[in-house]
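As structure tokens, the structure follows; a few thoughts come after it.
Just so it is clear, none of the values below were taken in a lab; they were calculated from the coordinates. Everything numeric here is computed off the predicted structure, so don't read it as measured data. Counting neighbours? That spans all protein chains shown, and the Cβs are built from the backbone with ideal geometry, glycine included.
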């Protein structure tokens with residue numbers, strides 16, 4: 001049984017672990033809302049309708065938005081530090097640079113600190129780049145294609161945009177090609193294989209072989 005967005009456990013008691021809470025907005029501390037508005041608009045983010053004095057942008061494919069405006073936060077302008085998840089870091093970096101955004105070189109964490117270039121093993125969560133808005137708020141771009149186990153529940157598995165789905169289908173196609181090489185024949189049941197691959201990649205489950 002559920003009440004609102006709260007789900008009851010087996011005993012019929014609603015516990016905090018079963019209450020759905022979705023992150024909706026992150027406040028970005030800026031000193032000049034008009035200047036920030038120009039910058040975030042240049043990123044291609046959607047400008048949402050809001051009450052007067054509040055500016056809200058939503059990144060393409062994101063369920064969470066950012067807001068800024070006078071009196072929204074007492075945090076020092078430029079002190080924000082947030083992550084943006086992308087499925088193809090190199091393509092996103094190229095698009096940002098083309099839009100006039102200064103983006104760092106791509107790097108990945110090493111045993112003694114950041115190392116230049118994409119993660120050589122192509123691991124999710126490792127390849128990164130950063131950019132800053134005019135106030136100095138930092139945005140870290142992190143490439144994630146396969147989630148850690150349990151990070152995403154299997155039930156609401158979905159894709160935030162057509163480009164994310166297209167990228168995932170491309171990875172599934174490449175993996176399925178290797179699958180057919182291993183079995184030595186064409187796989188007529190490829191739709192089920194693709195579906196299993198896409199869900200497993202998002203939820204962190206073991207990928208089909």
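If each residue's Cβ is checked for other Cβ atoms within 10 Å, how do 31, 127 rank with the fewest at the top? Before the final figure, lay out each step's value.
On the way: 31 13, 127 25.
Least crowded to most crowded, the residues run 31, 127.
Could you please state, rounded to a whole Å, how far the C-alpha centre of segment 181-207 is from the C-alpha centre of segment 44-113? Between the Cα centres of segment 181-207 and segment 44-113 lies a distance of 33 Å. The relative contact order of segment 21-143 comes to 26 percent, based on Cα pairs under 8 Å that sit 6 or more residues apart.
Fully extended, how many nm does the chain gain between residue 60 and residue 73 (0.36 nm per residue separation, minus their Cα-Cα distance)?
Details: separation 13, 0.36 × 13 = 4.68 nm, distance 2.44 nm.
Full-extension gain reported as 2.2 nm.
Across the chain, the relative contact order, built from alpha-carbon pairs under 8 Å that are at least six residues apart, equals 16 percent. The long axis of helix 89-98 is offset from the longest Cα principal axis of the chain by roughly 40 degrees.
Taking 102, 143, 17 in turn, the Gaussian network model of the chain (Cα-Cα springs below 10 Å) assigns the largest fluctuation to 17. From helices alone, the chain scores -8500 deg cm²/dmol at 222 nm; the rule is -39500 (n - 2.57) for each run of n ≥ 4 DSSP H residues, then divide by the residue total. For segment 25-55, the residues whose backbone nitrogen is under 14 Å from a point 7 Å from the Cα of residue 98, taken along Cα to Cβ, are 43-44.
For the residues 118, 21, what sequence is obtained by ranking on other C-beta atoms within 10 Å, fewest first? Display every interim value, and only then the final one.
Values: 118 18, 21 7.
Starting with the residue having the fewest Cβ neighbours, the order is 21, 118.
Cβ crowding within 10 Å ranks 165, 89 as 165, 89, fewest other Cβ atoms first.
Note on residue 190 and residue 50: with the Förster distance fixed at 41 Å, the Cβ-Cβ geometry gives a FRET efficiency of about 0.35.
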